[in-house]
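The values are calculated or read from the model by the stated rules, or taken from the named source; none is laboratory data. Everything numeric here is computed off the predicted structure, so don't read it as measured data. In this analysis, Cβ positions are derived from the backbone assuming ideal geometry, glycine residues included, and neighbour counts consider all displayed protein chains. Only protein heavy atoms, including side chains, enter the accessible area calculation; ligands, DNA and RNA are left aside. Shrake-Rupley method; radii C 1.70, N 1.55, O 1.52, S 1.80 Å.
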Amino acid sequence: MSQAGLINSSGSPVVPTVYDADVGSATPAANVLNIVGLNGVTTFASGNTVTVTLSEPKITGTGTTIGAVTGNIITIPLGATPGVYTFDAQIAGFDAANNLGIGYTLVGSVRTTGAAAVLIPGQELDQFEEAALVAADAEIAVAANTAIFRVTGVAAHTIDWKVVTEYVFVG
């Protein structure tokens, strides 16, 4: 016997009433659930699919300098497409043993031929340093076809660093 045209009236489809997230949960109001992108996150909806993506690419890295040494915190391969990257970085350093801090904002650009990186002159570095850490430094450098976020520590200090950078590329 064919089941075509048979209506099953035994119940309704099961629709979630609470949506769990990494932190907390959300309950739809009038069957509507809003998804909002913050801090560089963009959301796109089409049909029954929501896509969440970074609207501005962000790269993070951490490292430690012990003494007046230079350390590469982030190394970014620039790829085979010729063009220019402009970076806007936030850099924080903390010497936990002496409870001292340092911060920078660093803006600069790097051009790639697709095979080699070229540092474009004119990096801008804003420095926020406690007196004991004024010898520290941060910069964008290049090697081969990579951009490098580099920091320099201070003699007799162990500094933990974190770099977060956003970039724009045109090629």
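Summarising the label geometry, the points placed 7 Å from Cα in the beta-carbon direction at residue 144 and residue 168 lie 2.9 nm from one another. In region 90-160, Rg over Rh equals 1.07, where Rg is the alpha-carbon radius of gyration and Rh the Kirkwood radius from pairwise Cα distances. Model label points for residue 68 and residue 52, set 7 angstrom from Cα along the Cα-to-Cβ axis, are 4.7 nm apart. Between beta-carbons, use under 13 Å as the cut-off and find the net charge around residue 122, counting Lys and Arg +1, Asp and Glu -1. With Lys, Arg at +1 and Asp, Glu at -1, the net is -1. The simple Förster model, with R0 at 22 Å and r as the Cβ-Cβ distance, assigns residue 132 and residue 160 a FRET efficiency of 0.90. For region 64-171, the carbon plus sulfur part of the accessible surface works out to 57%, probe radius 1.4 Å.
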